[in-house]
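Asker: The structure's right below; bear with me while I get my questions together.
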Amino acid sequence: MLNQQKKYRTDLVNTIIGEDSSVKGVLHSQRSIRIEGTFEGELNSQGEIYVGQNSKVKATLFAKHVVVAGEVVGNIEAIKSLHILKTGRVYGDISGDELKIDEGGIYKGKVNMDIISAKNAYEGSFQLAKN
């Protein structure tokens, strides 16, 4: 069954873990990551991490932007923003610059919106610049 919403823009997302996939380990990407299946371990992206509606992620997440429509059990460090959609569930501590939780979204953990650790950056350290 084809679903027109399943088409991904490869210029925005270059790593996709499909619905029937289950992955354990550490995944680093200079671009964005989309999880539609099951992932356990660590995700580190210089772009966005998108957790699909039926996804189950048990991992530590580091990215500029994180969007959660499924379930994440683990800590999230979103440098720019974390958005928990109405179907999203996050169980773990979060840090970053901006947090948005849609009505119906579930979050349980500690929030720290002013400290970002550069040690978690992919490929060495970097400096954050406020625009």
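Asker: Name the strands (runs of 3 or more DSSP E) wholly inside the range 22-91 in which the number of residues that are buried (at least 18 other Cβ atoms within 10 Å of the Cβ) and under 10 Å from the mean Cα position of the chain (by Cα) is 3 or more.
Answerer: Correct list: 32-35, 38-45, 48-51, 56-68, 76-84.
Asker: Residue pairs, Cβ under 9 Å, 6 or more apart or interchain, first in the range 12-41 and touching a residue at least 40 places away in the same chain (Cβ under 8 Å) and under 13 Å from residue 70 (Cβ atoms), second charged (D, E, K, R) and surrounded by fewer than 13 Cβ atoms within 10 Å (Cβ to Cβ). List them.
Answerer: Hits for this filter: zero, empty list.
Asker: May I pose another question? From the list 55, 81, which residue is at negative phi and either modelled with pLDDT under 95 or touching a helix residue (DSSP H, G or I) at 6+ places or on another chain (Cβ under 8 Å) (or both)?
Answerer: 81
The values are calculated or read from the model by the stated rules, or taken from the named source; none is laboratory data. In this text the structure is predicted, and so the values were computed from the model without any measurement. Neighbour counts run over all protein chains shown; Cβ positions are idealised from the backbone, glycine included.
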